[in-house]
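A.B. asks: One structure, pasted below without further comment.
The values are calculated or read from the model by the stated rules, or taken from the named source; none is laboratory data. Just so you know, these numbers come straight off a predicted model, no measurement behind them. Virtual Cβ from ideal backbone geometry, glycine too; neighbours counted across all protein chains shown.
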Amino acid sequence: MIRRIARLLLVLLLLLAGMLPVSAQTAGASDAPSGQAVRLAVGDVLQVVLPGEDSFANTVQIDREGRIELPEVGPVAVAGLTLREAREQVRGILAQRFRDLSRFNLLLRERKLLLTVGGYVRTPGPVELPRGANVQQAITAAGGLQPGAQLDRMQVRRDGRPITFDYKRYLDTGDSSLLPALRTLDEIFVPVSPLTGNVEVPFDSGALTRQGDAGQDTPSIRVFGEVNAAGTFAWKEGMTVMDALMRAGGVSRFAGTEQVRIIAGNEPKLFNLKTFLDTGDARLNPRIAGGTTIFVPVLTEEVKVGPRVVYMMGEVQRAGAYEVRAGTGFFDILANAGGPTRFAETRQVRIIRADGKTIDFFDLGGFIERGGGRPPEIRPGDAVFIPEKTQGEQTAAWLRVPTTRAVRVMGAVRQPGRFEWSDEMSLLDLLAQAGGPNERADTSAVQILPGDRAAPVRFDLQKFLEQGGRFAALPVIRGGYTITVPEQLSAPNDTRGTWLRQEADRSIYVMGSVGAPGRYAFDAKLSFLDILSAANGPTTAADLQNIRITHRGEGRDRVSRVNLANYFETGDDLLMPRIRPGDVIYVPDRNRNWLETPASNVVRVLGAVGKPGRYPITEGMTILDLLAEAGGTGGTALDTRIVVVNLSCCANEARTFDLQKFARTGDFSMLPVVRPGDTVYVPSTAQSEWRIFFEGFRDVVSILSVIALLKVL
């Protein structure tokens, strides 16, 4: 016993010190006798241990084909093997790609079930559950059952053979033995109840209850028409008509309560519900027998007449026949009819007397404005008619609408004018009344001028219509307001005077090397590229790397630089500036006077090159790019002694560069750093030391030749 304890302590110390190989450390997790006898199945999660190979850090799962996908190897079939057999098979395959497998191991991390749930569930399809899960967990993973599923005939299909079980009984008893044990690759099928029919409709158990409670073998009654819950209901001994109507939820507000039909056998009868409710006489509420049909007609099917009826017609909210009593006046009847509509011509109210020959006129609008006088007397049998305000009448009588009740709509609308205002109207109602904006309207800057000398309000109607919003966000309109819809210019860059109609705080200025410089209209939807495109884009001589934008109206004007050429190369939208109204875009010319460019922003290329001059340098350019811009070195260039004078850093410094050596080696580390402000000088061969010596030697030979000739003479 003591020796065994000492051995365990030694193993523990080796594990803590990291001295034990990984294969030995992990063997305990997978080499247990019980683990070795288990056969691997679809859904099991394995861990390939191969220290030093990061691609094996993640676990792998046995797919529905019984394979695992290994990096740099591909699929390996392991389903049905024991863990030891699978380990040896994977080791043999990895040995073809990897040399050191001394610490390789294959571990079983987790056992899962790969199932398929189909039929009448909310989200049918494959599900993944831990080993040991039951049917209820699988159905929950599939979103649960749909209303109308048949619970007593559910199936688990395994290897093509169905296993039917009663899921309803399991829910009633909680007996888990009623559910079949699940295996990986099982398919659970939930059938639909035969009561749902062959057309899928939303299932509503409440709707089934409201249709009635009558059985097939018991006496019943039928109630339909203007009731709140028509249907077939069980009949009870002693049931009356009122009992049947209450069972159907009572009559609706459109019911003709004086003409209820009761059909029992072949003898229809009428039931006056209104009289019964007015008198309470139980004799007027007859009993009904089983099989009776009750129909409640619509109120409009009746013609309401009587010696105490007044008829309201025309432009009122609720036209109809109204009963009057002694002392009922004109305004009482008008109020019960909901009052005139906003389309009513209230100055021409007509009262047709009961004799049908006499017609009286009443100026309701004038009566309200004057605040005095007596309204007309209304007697039973009279008819009050309020006509509709026609377009001609509205045009001729618009001055009769007080200023405090009128709104003026002007500008780019189809029918500008002065419209009578009502509290339930909004800005959209008024624009619709004016025929809506025309095709030249600028709806992004609708202006509302209150009538109390307040500051005008500008509203972006275009944004509201395109992006939506709350109607509470619409500007509040009152009587006396003026609404102006501005007109878009036919040529946004017109410089002949019409552009003055475009407000400066809604304009963008584009200048320099563009196709059409000028002043352009702007709204929030336009971007930098939109404005540049409206100006016909940059010209061929434009310097796309040095576009300048002056941002005005920010307290202190700010200038930003845009490298449009870099945007065309990368497509990075973050390089695009944000444009606001009032900004100025300037696109410079590449061939502008070189004195306009500061010396600190260019590199001077001098000497034996094709085109000496000043050249701009951008990030990423080298001396090779500059020499190429300058037309390359000439035929007399001494390209082994190119001089780079660095004046852009902390101190003056000169370096030489051997272009021929670079061409032979291709070593880019030989390239000197060139920054803005530096000078690159390419000397000619006439300035080389050998050429100077040769010229001097040629001169000496010439002198000696002359001296020798003189001696001969």
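A.B. asks: Which one is surrounded by the most Cβ atoms within 10 Å (Cβ to Cβ) among residues in region 586-625 that are closer than 25 Å to Phe528 by Cα and modelled with pLDDT of 85 or more?
C.D. replies: Ranking the qualifying residues of region 586-625, first place goes to Val587.
A.B. asks: Which members of region 513-525 meet the condition of being buried (at least 19 other Cβ atoms within 10 Å of the Cβ) and either outside the structural domain of Phe568 (by TED's automatic domain parsing) or touching a Gly at 6+ places or on another chain (Cβ under 7 Å) (or both)?
C.D. replies: Residue satisfying the conditions is Val514 alone.
A.B. asks: If you don't mind, another one. I need a count of the residues in region 35-48 that are surrounded by fewer than 21 Cβ atoms within 10 Å (Cβ to Cβ), β-branched (Val, Ile, Thr) and at pLDDT 90 or above.
C.D. replies: First, pick out the residues of region 35-48 that are surrounded by fewer than 21 Cβ atoms within 10 Å (Cβ to Cβ): 35-39, 41-42, 45, 47.
Next cut, β-branched (Val, Ile, Thr) only: 38, 42, 45.
Adding the requirement that they be at pLDDT 90 or above leaves 42, 45.
The total comes to 2.
A.B. asks: While we're here: Quick one: Val156 ticks every box in (1) modelled with pLDDT of 95 or more; (2) over 18 Å from Pro124 (Cα atoms) except a single one, so which number is it?
C.D. replies: For Val156, the failing item is (2).
A.B. asks: Any idea which of Thr59, Thr26 is among the β-branched types (Val, Ile, Thr), modelled with pLDDT under 55 and within 16 Å of Asn105 (Cα to Cα)? Working first, answer last.
C.D. replies: Working: Thr59 fails: modelled with pLDDT under 55.
Answer to the check: Thr26.
A.B. asks: Of everything in region 273-326 that's modelled with pLDDT under 85 and among the hydrophobic types (A, V, I, L, M, F, W, C), which residue is nearest to Ala244 (Cα to Cα)?
C.D. replies: Here is the first cut: in region 273-326, the residues modelled with pLDDT under 85 are 299-308, 323-326.
Add one more test, that the residue is among the hydrophobic types (A, V, I, L, M, F, W, C), and what stays is 299, 303, 305, 324, 326.
Details: Leu299: 20, Val303: 26, Val305: 29, Val324: 33, Ala326: 38 Å.
Checking each candidate, the answer is Leu299.
A.B. asks: I need the strands (runs of 3 or more DSSP E) fully contained in region 333-389, keeping only those with at least 2 residues that are surrounded by fewer than 18 Cβ atoms within 10 Å (Cβ to Cβ) and not assigned by TED's automatic domain parsing to the domain that holds Asp423. Walk me through it before giving the result.
C.D. replies: Numbers: elements: 349-352, 359-362, 383-386.
In region 333-389, 349-352, 359-362 are the strands (runs of 3 or more DSSP E) which contain 2 or more residues that are surrounded by fewer than 18 Cβ atoms within 10 Å (Cβ to Cβ) and not assigned by TED's automatic domain parsing to the domain that holds Asp423.
A.B. asks: Here is a check on your reading of the model: is Leu273 closer than 11 Å to Ile294 by Cβ and in the same structural domain as Ile294 (by TED's automatic domain parsing)? Break it down into steps so the answer makes sense when it comes.
C.D. replies: Numbers: closer than 11 Å to Ile294 by Cβ: yes; in the same structural domain as Ile294 (by TED's automatic domain parsing): yes.
Yes.
A.B. asks: Of all residues being among the small types (Gly, Ala, Ser), on the phi > 0 side of the Ramachandran plot and loosely packed, with under 15 Cβ neighbours inside 10 Å in region 400-454, which is nearest to the chain's Cα centre (by Cα)? Just the residue, please.
C.D. replies: Gly436
A.B. asks: Continuing with the same structure: Identify, please: which residue in region 461-507 is modelled with pLDDT of 85 or more and not in a loop (DSSP other than H, G, I, E, B) and is, among those, farthest from the chain's Cα centre (by Cα)?
C.D. replies: Result: Thr482.
A.B. asks: Quick one: Pro124 ticks every box in (1) surrounded by 13 or more Cβ atoms within 10 Å (Cβ to Cβ); (2) at pLDDT below 90 bar one, so which box is it?
C.D. replies: (2)
A.B. asks: What are the residues in region 317-363 that are in contact with a helix residue (DSSP H, G or I) (Cβ under 7 Å, 6 or more places away or on another chain) and closer than 12 Å to Phe385 by Cα, if any?
C.D. replies: Pro340, Glu345, Thr346, Arg347, Val349, Phe361
A.B. asks: Quick check on Ala321: is it of a type in the set (A, V, I, L, M, F, W, C), without any contact (Cβ under 8 Å) to a residue 40 or more places away in the chain, over 30 Å from Gly238 (Cα atoms) and not in a loop (DSSP other than H, G, I, E, B)?
C.D. replies: Working: of a type in the set (A, V, I, L, M, F, W, C): yes; without any contact (Cβ under 8 Å) to a residue 40 or more places away in the chain: yes; over 30 Å from Gly238 (Cα atoms): yes; not in a loop (DSSP other than H, G, I, E, B): yes.
Taking the combined requirement at face value, the residue satisfies it.
A.B. asks: Residues that are in contact with a Phe, Trp or Tyr (Cβ under 6 Å, 6 or more places away or on another chain), at least 1 per element: which strands (runs of 3 or more DSSP E) completely within region 92-165 meet that?
C.D. replies: Numbers: elements: 105-110, 112-119, 125-130, 154-158, 161-165.
Counting at least 1 such residues, we get 112-119, 154-158.
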